[in-house]
1. Over all distinct alpha-carbon pairs, what is the Kirkwood Rh of the chain in angstrom?
2. With n ≥ 4 as the cut-off for DSSP H runs, can you work out [θ] at 222 nm for the chain, using -39500 (n - 2.57) per run divided by the number of residues, rounded to the nearest 500?
3. Could you give the angle, 0 to 90 degrees to the nearest 10, between helix 141-151's Cα long axis and the longest principal axis of the Cα atoms of the chain?
4. Can you tell me the mean projection area, over all orientations, of the convex hull of region 87-154's alpha carbons? Units nm², please.
5. Compute from the Cα atoms of region 3-78 the Rg and the Dmax, the latter being the longest Cα-Cα distance, and quote both in angstrom.
6. Mind jotting down the distance between the C-alpha centroids of region 115-161 and region 95-113, whole Å?
7. Report the rotationally averaged projected area of region 38-102 based on its alpha-carbon convex hull, in square nanometres.
8. Could you work out the relative contact order of region 87-154? I mean the mean sequence separation of Cα pairs under 8 Å and 6+ apart, divided by the number of residues, in percent.
């Protein structure tokens, strides 16, 4: 198998890492101890493995690690500022937008990408954007409400119609 060194920015830190050509991005980040990214379907269907690659959500279970060379990767561990949670993380807690929590990191990363691109989404936009992330525990309403709480802090606590 071929090996090569790649340079990337991982959660704000410049890294040089030697990887085999066939290693997936999820294997790379989890191998570095960033275990918040979850492997579930292994086929780019469920969204549990979502990370941001240059700010865009990607399924790390089907993205080769070498594709991250020269790029920026952000995982769920890269969102918090020390002990201070990112507003999206806090909103998921405040809205009880998770049950088992397995899909939550992927959901939060997808929500971050949405809010970075469209900071003022409505509920329909949030639902459409999050279609690639499956949760088998919740009813999605609390997830949509959590994302909208971050986008529209003046409406925190309101229920969706």
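1. About 16.1 Å for the chain.
2. -8500 deg cm²/dmol
3. Approximately 80 degrees, to the nearest 10.
4. On the way: hull surface 15.6 nm².
Averaged projected area of region 87-154's Cα convex hull equals 3.9 nm².
5. When restricted to the Cα atoms of region 3-78, Rg and Dmax are 11.1, 30 Å.
6. Rounded to whole Å, the Cα centres lie 11 Å apart.
7. 5.2
8. 50 percent.
Only the coordinates and a few stated rules stand behind these numbers; no lab work does. Computed from a predicted structure; not experimentally measured.
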